[in-house]
Amino acid sequence: MISVSKRRSKASRWMRSRQVAVIVNPAGQRDNIGDSVLRRAYLDALRSRGELHVLVGKDRDFSSGLGLQAHDVTYASRLSWLRSFCGLVLRRRVVFGVNSGEFVGHRQDKLRSTWQIWLARAVTLTGGSVVVAGVSIRPGTSVGATYLPQLAKHASIVSWRDGATLSEVGLGSVQPDWAFRFGGNTQEAERGYLAVSLRGDRPAVSDAWIDCIKAFARSEDLLLRVVVQVRRDSAAAISLSRRLEAELLDWPAERPHGEHERVVREFYRSCRVIVSDRIHALIIALTEGVIPVGVVTQDVEKVRRTFEHVAPLGMVDATRENVTEKELLEAVRVSSAIQRRLPAIREELDKVQSRISAC
């Protein structure tokens, strides 16, 4: 006689054998909360299709921001993940979720990533599906330096993060960045701060820009705080906060992604405006009710591309010596319309998820 617990165990194994397995490697920059935020939203969309099999590696810091759930199957090494895939593809229907976010396209990356073409071919040959959703190619990178066109040919869902990537690949559609899915505090609140978050690998901003930001903050009765969303920006942020005579929200080394995201979002709920040249500083703040203003510190193309599909984004050139407070006010006016677009943006992302659920 088989016990109830054994019958349940057998039933559970049978149900699991019938369930779709979704394999994904959500790798991202380990010091950038924007990378974990957008991939968390992507994992949520993929989870709607089946059981996630996620290559997380051994970095608990980054994975703390991925929103992993108890029933997700996680792997600490690429070898164990690929071994599991070989078994799954023979027993179950498999969906391969190509990593979301930006592809840089270094030649060595292309050579190292040929295994993804192999995965895509194996999945499609066994009746599974490949998903390419929310991906972009870094401005200045040749599409031929990436393996995305080959992957796209195998995919049943192809949607890019910007229209420029679509034009280069010539296949698929455009969707908003996945990070727009999160956040929720867009209501009026006590918003007494102006946030500034700048890349640390760009030329220093002009004195005129510093004066412009300080004058705007005074006229709007706002306090200034410099925010670090990417750890490698910390040293430059300390210098910037001194020039602005501003507070600093730094990212301590011991604070994991998930916790720092919570701290940053909590602060953004007290902000009225953010000025930044980092896409996900603008997006995360926007989803918490802040008016985003783009900053030109060198190359505006990446920020412009990402927001182009969403709504017009006001921009201010931080390299010019004659930038004025009037220009910043105009940028705030242009960007203020984006907030009203959030429901439509999220509806677009819901439609992408629905397509993933049905693939």
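General remarks:
- Note on the chain: dipole from Cβ charges, positive end direction compared against Ser234, Thr287, Ser142; the farthest Cα belongs to Ser142.
- Note on Lys326: aspartates and glutamates with a C-alpha under 14 Å away, same-chain residues under 8 apart excluded, are Asp211, Glu220, Asp317.
- Label point distance in nm, Gln69-Arg218, each placed 7 Å from Cα along Cα→Cβ: 5.3
- Each Cα pair under 8 Å and six or more residues apart adds its separation to the average, and for segment 186-248 the resulting relative contact order is 40 percent.
- If you take the Cα centroid of segment 21-42 and the Cα centroid of segment 203-276, the two points sit 24 Å apart.
- Using alpha-carbon coordinates, inclination of helix 4-18 to the longest axis of the chain, degrees: 70
- Percentage relative contact order, the chain, counting C-alpha pairs under 8 Å, at least six apart: 18
- Net charge dipole, the chain: roughly 2540 debye, given to the nearest 20, about the Cα centre with Cβ charges of +1 for Lys and Arg and -1 for Asp and Glu.
- For segment 31-125, size of Cβ-based charge dipole, Lys and Arg +1, Asp and Glu -1, in debye: 520
Laboratory data are not the source of any read-out in this text; all were calculated from the coordinates shown. Please read all numbers here as calculations on a predicted model, not as lab measurements. Using ideal geometry, Cβ is built from the backbone for each residue, glycine included, and neighbour counts are taken over all protein chains shown.
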